[in-house]
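Just below is one structure, and these are the notes that go with it.
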Amino acid sequence: MDRIRDLASKNAAVIFTKSSCFMCHSIKALFYDIGASPAIHELDQDPKGKEMEWALRSLGCNPCVPAVFIGGKFVGSSKDIISLQVDGSLKQMLIDAKAIWF
């Protein structure tokens, strides 16, 4: 859990993913389309990836990827991010966290 918190706090937007996850790819593409450049951590390519998966599950992220942090806070997984995008609040969250500038 400490590693998750540490990585999540180092960038304004952080996405924990797996390279084979299609929803992870979609969420990354959404962030890029909005203008954010999130830090991406591929759990299947990290030696401590399995431990990090369990830590993300303990936060309530099920499935464990994608797991999105904005401003160091856990925001949710794909369904949460899509909901925020649909209601128009995702972009403002990214602006407030200084993940994008205008």
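The values are calculated or read from the model by the stated rules, or taken from the named source; none is laboratory data. No experiment lies behind these values; they were computed from the predicted model shown. A quick note on method: Cβ atoms are made from the backbone with ideal geometry, for glycine too, and the neighbour counts reach across all protein chains shown. Remember, those area values only see protein heavy atoms, side chains included, never the ligands or the DNA or RNA. Shrake-Rupley method; radii C 1.70, N 1.55, O 1.52, S 1.80 Å.
Put simply, of Gln85, Gln92 the only residue that is without any contact (Cβ under 8 Å) to a residue 24 or more places away in the chain, part of a helix (DSSP H, G or I) and open to solvent by 50 Å² or more (accessible area, probe 1.4 Å) is Gln92.
Checked against the criteria, Ala13 counts as under 11 Å from Phe69 (Cβ atoms), out of contact with any His (no Cβ under 9 Å at 6 or more places or on another chain), hydrophobic (A, V, I, L, M, F, W, C) and open to solvent by less than 40 Å² (accessible area, probe 1.4 Å). Only residues that are out of contact with any Asp or Glu (no Cβ under 8 Å at 6 or more places or on another chain) and in a helix (DSSP H, G or I) were counted across region 3-38, and they come to 19.
For region 41-57, does any single residue satisfy the condition of being of a type outside the set (D, E, K, R), closer than 25 Å to Trp101 by Cα and open to solvent by 70 Å² or more (accessible area, probe 1.4 Å)? Break it down stepwise before answering.
Within region 41-57, the subset of a type outside the set (D, E, K, R) is 41, 43, 45, 47, 49, 52, 54-56.
Retained after the next criterion (residues that are closer than 25 Å to Trp101 by Cα): 41.
With open to solvent by 70 Å² or more (accessible area, probe 1.4 Å) added as a condition, the list becomes none.
There is no residue in region 41-57 that is of a type outside the set (D, E, K, R), closer than 25 Å to Trp101 by Cα and open to solvent by 70 Å² or more (accessible area, probe 1.4 Å).
For the criterion of being in contact with a strand residue (DSSP E or B) (Cβ under 7 Å, 6 or more places away or on another chain), of a type in the set (Lys, Arg) and on the phi < 0 side of the Ramachandran plot, Lys28 passes.
Check region 75-82 and report whether any residue there is in contact (Cβ under 8 Å) with a residue 60 or more places away in the chain, within 13 Å of the chain's Cα centre (by Cα) and open to solvent by 50 Å² or more (accessible area, probe 1.4 Å). Within region 75-82, none of the residues are in contact (Cβ under 8 Å) with a residue 60 or more places away in the chain, within 13 Å of the chain's Cα centre (by Cα) and open to solvent by 50 Å² or more (accessible area, probe 1.4 Å).
Counting just the residues of region 59-74 that are on the phi < 0 side of the Ramachandran plot and open to solvent by less than 50 Å² (accessible area, probe 1.4 Å), which one comes out nearest to the chain's Cα centre (by Cα)?
Val68
The residue of region 39-58 that is nearest to Ser83 (Cα to Cα), among those that are in contact (Cβ under 8 Å) with a residue 40 or more places away in the chain and in a helix (DSSP H, G or I), is Leu56.
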